[in-house]
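The values are calculated or read from the model by the stated rules, or taken from the named source; none is laboratory data. Model, not experiment: these values are computed from the prediction. Don't worry about glycine lacking a Cβ; one is built from the backbone with ideal geometry, like all the others, and counts go over all protein chains shown. Note: areas computed on protein heavy atoms with side chains; ligands, DNA, RNA excluded. Shrake-Rupley method; radii C 1.70, N 1.55, O 1.52, S 1.80 Å.
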Amino acid sequence: MGRRPNGASTVYLGGDGKWHGRVTVGVKDDGTPDRRHVKRKTPTEVIKAVRELERQRDGGNVRKAGQRWTVAKWLTHWIENVAVPPAIRENTHSGYKVDVVTHLIPGIGAHHLDKLTPEHLEKLYAKIQASGKSAGTAHHVHRTIRAALNVAVRRRYLSTNPATLAKAPTLAEEEIEPYEIDEVKRLMKAADTLPRNSARWAVALALGLRQGEALGLQWADVDLDKGTLRVRRGRQRPRYEHGCDGTCGRKPGYCPKRLQVRDLTAATKSRAGRRTIGLPAQLVALLRKHREEQQAELAKARQLWQEGDWVFTTSTGAPVSPYSDYHEWKALLATAGLRDGRLHDARHTAATVLLILGVPERTVMAIMGWSSSGMAHRYQHVTDVIRQTVAQQVDGLLWHEAES
């Protein structure tokens with residue numbers, strides 16, 4: 001049996017006719033040397049494998065000895081014990097869990113963690129999109145597995161993260177479709193006919209608050225005398241568990257004894273999201289009227305009123321659910337006779353108006369709660385077209401008519 005020493009490493013020809021390599025990469029938890037063994041057909045191959053282990057050892061990237069995880073076992077451990085509230089937001093955890101259970105474990109769960117390759121992930125992303133899911137769904141799966149494997153690298157179960165090497169699904173930039181000024185006026189007029197919470201839509205269209213930010217407002221955040229509004233939190237989508245131990249046979253959200261297990265609101269994600277906004281005089285008037293109407297509802301509901309200081313409520317004082325709010329927006333569009341649009345288009349509209357008015361970019365960022373100036377740049381093609389249209393209208397009004 002031949003032998004080639006290499007510092008703390010050894011390469012030799014074994015009795016089985018194959019070349020073996022042994023590398024000391026550190027010390028185990030119990031204090032004994034952590035020796036790794038590799039086996040290849042030729043001395044060139046085994047020397048290459050030994051040198052790779054030495055490189056990982058010297059760089060502090062050697063995979064930790066012990067349990068050999070499968071992808072499924074690691075993802076299950078990660079989503080149940082590591083990536084959990086309050087370390088991350090409830091909504092973030094829910095999104096991660098859907099990706100893990102629906103896509104990642106069925107798609108790549110049987111692989112050993114240290115054998116997972118970028119190509120495995122790229123094939124999974126392609127398969128997700130081929131099944132009819134959007135590129136956005138595939139990209140979210142990519143972000144989830146990248147986050148999970150980053151933890152595995154930090155804990156030395158992996159030397160490198162294959163998700164950082166995999167080509168992420170290409171996302172088409174979200175189309176910005178703001179409503180025009182006359183359409184906004186029609187929406188405002190239609191909102192005036194609503195039996196309640198009409199100011200909700202003025203807040204969306206004039207200030208560009210996100211849905212969660214608007215529904216999470218409390219009167220303590222609004223100073224009508226100074227004409228300011230503070231954004232500090234966002235309304236979360238409710239999540240329920242069975243209160244009947246699952247005996248009702250329904251989904252948790254439809255259980256007669258369902259239990260709300262998610263906080264009603266959560267703090268805004270970023271520092272930019274926490275902001276104070278000046279209120280236009282007309283909006284101040286609308287909010288004063290709204291508060292008076294709410295006080296009348298409180299008197300009518302009496303003991304049924306659920307006190308929470310919410311600006312926008314149900315008829316008994318409970319905060320408005322995002323689901324109901326979405327359908328009210330759709331109904332408002334129909335009442336106004338406008339094209340169907342996303343609720344987020346109200347926010348796009350507010351941002352577009354600010355940019356058309358020439359409000360400085362940094363001020364627009366502060367009002368909208370953007371953390372990057374790149375967001376303002378995305379509106380450039382929209383505002384340019386609208387500015388050109390206005391210029392043409394002025395040209396026609398002041399010159400062409402005079403010539404005729």
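Tabulated results
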| quantity | calculated |
| --- | --- |
| Shape of the stretch 257-297, Cα gyration tensor, a/c cut at 1.5 | oblate |
| Share of carbon and sulfur in the accessible heavy-atom surface of the chain [1.4 Å probe, %] | 52 |
| Highest to lowest packing among 137-148, 224-235, scored as the average C-beta count within 10 Å | 137-148, 224-235 |
| Signed unit charges on C-beta, dipole axis of the chain, positive-most listed residue GLN236, TYR379, LEU205 | GLN236 |
| Cα gyration tensor, the stretch 68-171 - rounded (a/c under 1.5), prolate or oblate | oblate |
| Sum of -39500 (n - 2.57) over DSSP H runs of 4+, divided by residues of the chain (222 nm, nearest 500) | -13000 deg cm²/dmol |
| Under 24 Å from LYS226, Cα to Cα: lysines that are on another chain or at least 8 residues apart | LYS289 |
| Whole-number accessible area per residue in Å² for the stretch 222-370, which is evaluated in the context of all protein chains at 1.4 Å | 57 |
| The chain - percent relative contact order, Cα under 8 Å, separation 6 or more | 12 |
| Nearest-20 debye value, the chain charge dipole, Cβ charges on Lys, Arg, Asp, Glu | 2620 |
| Out-of-range pairs (alpha-carbon distance over 25 Å; input LYS41/LYS115; LYS28/LYS115; LYS73/LYS97; LYS48/LYS73) | LYS48/LYS73 |
| Mean separation of Cα contacts under 8 Å (6+ apart) over length of the stretch 137-257, as relative contact order % | 12 |
| Residue-normalised accessible area of the stretch 59-205, given per residue in Å² at a 1.4 Å probe | 52 |
| Mean Cβ neighbour count within 10 Å, used as a protection proxy, ranking 313-320, 108-115 highest first | 313-320, 108-115 |
| Prolate/oblate/rounded label for the stretch 25-130 (Cα gyration tensor, a/c 1.5) | oblate |
